[in-house]
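Notes to accompany the following structure.
Here, each number is a calculation from the coordinates, and none is a lab measurement. Only a predicted model underlies this, so the values are computations on that prediction, with no experimental measurement involved. Here the Cβ is made from the backbone with ideal geometry for all residues, glycine too, and neighbour counts use every protein chain on show.
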């Protein structure tokens, strides 16, 4: 009896093992089919909920696909980086997303000098400054700003609309349903007020210093934008519009009824997010970090990265940035002046969207704003340091 019972139990265990092996194999195949299902008729390669890797400047980072979007330039995905808050969610094109591979994730971390293991909570070195001011042993000659890919794309799209298609954003932005630079900075300050602990709660010294640095950054951005707009942030095709909206230096001040002088409009109260991003691109050349202490430089970098990250949040992005159809025809557009942009943007004046391979801003290929007098060559470029020093003394 005992022998037959043992035989039955052994047969049952073998049967259960085979069934478990089949179930495991089926789960593996089902998971593979869900994640790597062949594409049909231009459908997205990655589905909602897929776990993927995204290569950045220092290593690969794991992310989850929240949604996909088909655009004229290709398929894009909204990604959430594991271990990061939602404010770091960003749109990434399909070419910048690869299949999740844990070994590749750990190997890239080891190459970057990080310990292997679960790396989902690490902060991307290419995106933010050191979290502690004392980690900055050596300060470079310029600010270390990483412009998020979404903002880079905004700069390129805006440049194509202005320099190739002969269109302009209508000004002032507040009169056309979009916030101005002043509105965006006020939103940021309001967010800082909301995140401040209630009265009576103790705060660490570093938190107080970070908040002070953020508020100083807002004041500095406002001052730099007003002083640098005409010299560094406008394309040649925008100069006439600036003269009409802001008035030239020799223009007598306008007066209200009764002879009282009208309040002057500052660039921050006229222009919007597109021109603010141009300032971020130019800031490393303008801010005189040599006159700042290392901790102050690091806190400034952190505050600027925080502001840029908040601007890429989905709701703010939709409210801050204009759609292509919001641009208006530039009556002063000169196609001959646009010829200097053709090798850089790869398009035709007044034509359709330029071809692929458009260089990223900040890499020396994109025509930098500031070419007011020369149609693409940065004007007053050699005076950047003196202009920045003047503003530093003014502050």
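Observations on the structure shown:
- Cβ-derived FRET efficiency at R0 51 Å, residue 12 paired with residue 204, nearest 0.05: 0.25
- Reported to the nearest whole Å, the Cα centre-to-centre distance from the range 48-76 to the range 92-110 is 10.
- Sorting the segments 83-96, 285-298 by their mean number of nearby beta carbons within 10 angstrom, highest to lowest, gives 285-298, 83-96.
- Residue exposure sequence - 147, 314 - by fewest surrounding Cβ within 10 Å: 314, 147
- Separation in nanometres of the label points that stand 7 Å from Cα toward Cβ, at residue 24 and residue 212: 6.0
- Taken along the Cα-to-beta-carbon direction at a fixed 7 Å, the label points for residue 336 and residue 285 span 2.6 nm.
- Extension gain from residue 69 to residue 99, taking 0.36 nm per residue of separation minus the Cα-Cα distance: 9.0 nm
- Highest-first arrangement of 102-109, 61-68, where packing means the average Cβ count within 10 Å: 61-68, 102-109
- Averaging Cα coordinates gives a centre for the range 284-326 and one for the range 194-245; these two points are 8 Å apart.
- When you count the other C-beta atoms within 10 angstrom of each residue and take the mean per peptide, 153-161, 7-15 line up highest first as 153-161, 7-15.
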